[in-house]
C-alpha cells in the first residue's frame, strides 16, 4: 500500500540524466542520482522529472533495459513513501507508455504541464520544440510522437531497436558537440519569458543542460541543468524556488539567481 504524506513540504525538479548513454563523464553519475533520490525521501512531497531522464526509452511489452533498474527501483520506493512523482516527456524519452504509471506509480505527462503550488502558477516543460523558429525539429517531433510509428518501431527486436536508437542518439550528440546547438540558453530563456507573460509565476525546463535561474519583474525562469556532470536540481517550498548543485557526501551549493532585464 502506498503511504501518504501528512502535509506538503517541498517539491524537487530534475532533468537530463540521459541514463544508458555511453558518455565521457563520471561513471558514478547513476549512483549519484540514486543517492540524491534516496536523500530527498526525508522531506519531498513531489518530484518532477522534466524530461530525458533516460537517453532513450522504448517501451516493449516484455523488456525493460537492465541498466535502468536501479533508478526505477529508487523511484518506486519514493512513490511508496508517499512522494508524488511526475514525468514530463522529453525529446529522448518521448515514447513513454503504461509501464511507469502502472508499475512504478509515476504520473506521466506527454507534453508540458501546468500546476499550482501554494500561490504560484507554474509551467513545466522539457523545452524541446518550444522555440518557434525551430521548425525542423517541430516537424520531426510530430513523427517521433506518432503512436502508429512508435508501435511499428516496437516490432523491432529490443537488442536491435535499443542499439539503433542509441546510435542515433550518439550521432545527434556528436553533431551538437562539433557544430554547437542551433539555439542556446538565451533563446530558451526568452521563450520562457513569453510563457510567463501568459499568467505564469514560474517557468521550469531542462533540455539545454545549462543550469540557471533568473528573476524578471516578479517572475522566475529556472533551467534545472543536468545529471550528467553538473548534478543540479531545483527545490520549491511554499515561498521560494532555488537552484542547487548536489555534492555527494557534502552540503549542496546554491546557484544564485540572476536578474534578467
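The values are calculated or read from the model by the stated rules, or taken from the named source; none is laboratory data. Not measured: the values here are computed from a predicted model. Neighbour counts run over all protein chains shown; Cβ positions are idealised from the backbone, glycine included.
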When the residues of segment 62-71 are narrowed to those that are outside any helix (DSSP H, G or I) and touching a residue at least 12 places away in the same chain (Cβ under 8 Å), which ends up farthest from residue 45 (Cα to Cα)? 63
In segment 20-54, which residue that is under 14 Å from residue 226 (Cα atoms) and over 17 Å from the mean Cα position of the chain (by Cα) is modelled with the highest pLDDT? 23
For the subset of segment 238-261 comprising residues that are over 19 Å from the mean Cα position of the chain (by Cα) and surrounded by 14 or more Cβ atoms within 10 Å (Cβ to Cβ), which member is farthest from residue 219 (Cα to Cα)? 252
Within segment 66-73, is even one residue surrounded by fewer than 17 Cβ atoms within 10 Å (Cβ to Cβ) and at pLDDT 95 or above? yes
I'm trying to understand the selection: among the residues of segment 77-99, which are buried (at least 16 other Cβ atoms within 10 Å of the Cβ) and either in contact with a helix residue (DSSP H, G or I) (Cβ under 8 Å, 6 or more places away or on another chain) or on the phi > 0 side of the Ramachandran plot (or both)? 78, 79, 83, 85, 87, 91, 92, 94, 95
Which of the residues belonging to segment 214-234 are surrounded by 22 or more Cβ atoms within 10 Å (Cβ to Cβ) and either out of contact with any strand residue (DSSP E or B) (no Cβ under 8 Å at 6 or more places or on another chain) or part of a strand (DSSP E or B) (or both)? 220, 221, 222, 223, 232, 233, 234
Evaluate segment 2-12: report whether one residue or more is within 16 Å of residue 93 (Cβ to Cβ) and at pLDDT 75 or above. no
Counting only residues that are in contact (Cβ under 8 Å) with a residue 40 or more places away in the chain and either part of a strand (DSSP E or B) or within 19 Å of residue 208 (Cβ to Cβ) (or both), segment 242-255 contains a total of 2
Can you give me the number of residues within segment 50-59 that are in contact (Cβ under 8 Å) with a residue 40 or more places away in the chain and either part of a strand (DSSP E or B) or touching a helix residue (DSSP H, G or I) at 6+ places or on another chain (Cβ under 9 Å) (or both)? 5
Taking the stated definitions as given, is residue 86 at pLDDT 95 or above and either under 25 Å from residue 241 (Cα atoms) or in contact with a strand residue (DSSP E or B) (Cβ under 7 Å, 6 or more places away or on another chain) (or both)? yes
Test result for residue 193, outside any strand (DSSP E or B) and within 20 Å of residue 54 (Cβ to Cβ): no
